[in-house]
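Okay, structure first, notes after.
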Amino acid sequence: MKSGFVVRSTISSWESAERFCRQFSLPLLDMQAKHNQEVFQLIFDHQNVHLLDCRAKKPLTLMVDFVTGSRDHRRKFGGGAGQAVAKAVGVKGNRTLHVLDATAGLGGDAFVLACLGSRVTMIERSPVAYALLADGLKRGLLQAEEAGDDELLAILQRMTLVPNDGSDWMRDQLASSDSEQPDVVYLDPMFPEKSKKALAKKEMQIFQEVVGGDEDADKLFEPAFALAKYRVVVKRPKIAPLLNGQEPSVQLVGKSSRFDVYAKKKLPE
Ligand SMILES: C[S@@+](CC[C@H](N)C(=O)[O-])C[C@H]1O[C@@H](n2cnc3c(N)ncnc32)[C@H](O)[C@@H]1O
């Protein structure tokens, strides 16, 4: 974790904030408590969990929303199986896969894959990212249910979030006799020098500031390749070196990022 943050909660959300803080051994402050002027505040309130960057006059807010805004727009008009991430993972037509997203972040890519019918197990180690994503999922499920949006409900029900380190989790799966082998392992660790251009959105810039660069990203490759049934897909900024120095079978190169595909076996039709 690069930057410090404090966790605050209103009385209405105290119980869930307390559970989260116990899980990650973090102190919890109420909204009035004085703190050491941390720039970032993770706030639990009656509406949602959000990250606040207090530097600007008008503080910037980051939260996860699967129901409205850009993710909803991408779900409806984003190009479906023609999107680069879908092509790289191999989702198409009736081929639905079980994808392990071992670096879930804010669940953007996982949501795209779940929209296309995949079941996605998401692993996230950063407490801040985990809190934001868990809240987005929970709120999304509630809102979809209330609105009677069965399609969105089914999409979100295909997404499961686990708080853990991806390498450790995959190694545990490899050591366990009754684990389920994912069809595809998807990796998108934060590149330490992701340029501001690659992180065009202000919200993503503050996310990177809090989570930091994933300097140990290379460690993910070996267990991912051992665990995946068909392929490993690595998303990287276009200019970034290969993960763990491994040559991919295929590269899909976009404007600012690329997908490196490491094939093990041909995907089922
Ligand atoms: C660039 S973000 C992923 C963005 C994600 N693909 C999305 O669409 O929202 C990278 C995330 O991977 C997480 N991460 C990096 N290494 C990890 C590891 N070994 N285990 C679990 N999470 C990891 C970071 O905490 C960060 O939240």
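A few points about this structure:
- Every pair of residues 6+ apart whose Cβ atoms lie under 6 Å, when the first sits in the range 103-120 and is over 17 Å from residue 166 (Cβ atoms) while the second is more than 12 Å from the ligand (Cβ to nearest atom) and in a helix (DSSP H, G or I): 114/155; 115/75; 115/155; 116/81; 116/86
- For the range 210-261, the candidate set comprises residues that are more than 14 Å from residue 191 (Cβ to Cβ) and of a type in the set (Asp, Glu); within that set, the residue that is farthest from the ligand (Cβ to nearest atom) is 247.
- Selection status of residue 91, touching a Leu at 6+ places or on another chain (Cβ under 7 Å) and either among the β-branched types (Val, Ile, Thr) or not assigned by TED's automatic domain parsing to the domain that holds residue 207 (or both): yes
- Residue match in the range 10-31 (condition: among the small types (Gly, Ala, Ser), more than 24 Å from residue 104 (Cβ to Cβ) and without any contact (Cβ under 8 Å) to a residue 12 or more places away in the chain): no
- Tally, over the range 210-251, of residues that are surrounded by fewer than 18 Cβ atoms within 10 Å (Cβ to Cβ) and not in a loop (DSSP other than H, G, I, E, B): 9
- Residue that is surrounded by the fewest Cβ atoms within 10 Å (Cβ to Cβ) [pool: residues in the range 121-160 that are part of a strand (DSSP E or B) and more than 11 Å from the ligand (Cβ to nearest atom)]: 160
- Residue match in the range 27-38 (condition: outside any helix (DSSP H, G or I), among the small types (Gly, Ala, Ser) and assigned by TED's automatic domain parsing to the domain that holds residue 184): no
- Looking only at the range 105-120, and only at residues there that are part of a helix (DSSP H, G or I) and closer than 21 Å to residue 189 by Cβ, the one that is farthest from the ligand (Cβ to nearest atom): 114
- Applying a threshold of 6 Å to beta carbon distances and a minimum spacing of six or more residues, or different chains, the list of pairs starting in the range 42-60 at a residue that is free of Cβ contacts under 8 Å to residues at least 24 places away in the same chain and ending at one that is among the basic types (Lys, Arg) is empty.
The values are calculated or read from the model by the stated rules, or taken from the named source; none is laboratory data. Nothing here was measured: the structure is a model prediction, and the numbers come from that model. Positions of Cβ are generated from backbone atoms using ideal geometry, with glycine treated the same way; all protein chains shown enter the neighbour counts.
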